[in-house]
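Notes to accompany the following structure.
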Amino acid sequence: MNVQVPVSFSPAVERLIAQGRFRSAGEIVAEGIKLVLMRDELERDVQAGIDDLDAGNRIEAETVYAEARRRIKAIEDGQAQ
């Protein structure tokens with residue numbers, strides 16, 4: 001698959017590659033796709049939580065915080081959810 005990066009993003013793409021954060025524009029695009037998928041999953045999780053609350057289901061705050069910390073660590077470690 002070939003993807004065209006808008007010209008307005010060229011400076012940012014070049015900067016990210018120059019900083020050594022990515023080796024190519026393709027890697028940057030792949031990271032963007034990964035982030036979109038993660039955002040979609042987060043939106044589904046948030047909606048599921050809202051639905052649970054609306055149904056009267058509750059979870060202790062510490063349980064929620066522990067799960068959030070686990071997910072943040074997984075993201076930082078580059079692991080899939």
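Bear in mind these aren't lab numbers, they're just calculated from the coordinates by the rules spelled out. It should be emphasised that the depicted structure is a prediction, and the values quoted were computed from it without experimental measurement. Every residue, glycine as well, gets a Cβ built from its backbone with ideal geometry; the counts of neighbours run over all protein chains shown.
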inquiry  = Suppose we filter E31, E60, E41, E27 for residues that are more than 30 Å from L16 (Cβ to Cβ) and either out of contact with any strand residue (DSSP E or B) (no Cβ under 7 Å at 6 or more places or on another chain) or surrounded by 10 or more Cβ atoms within 10 Å (Cβ to Cβ) (or both); which single one remains?
reply    = E60
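Do we have Q47 as free of Cβ contacts under 8 Å to residues at least 12 places away in the same chain and in a helix (DSSP H, G or I) here?
Details: free of Cβ contacts under 8 Å to residues at least 12 places away in the same chain: yes; in a helix (DSSP H, G or I): yes.
Spelling it out, Q47 is indeed free of Cβ contacts under 8 Å to residues at least 12 places away in the same chain and in a helix (DSSP H, G or I).
Which members of the range 1-44 meet the condition of being polar (S, T, N, Q) and assigned to a loop (DSSP other than H, G, I, E, B)?
If we filter the range 1-44 for residues that are polar (S, T, N, Q), which is where we start, we get 2, 4, 8, 10, 19, 24.
Residues satisfying the conditions are N2, Q4, Q19, S24.
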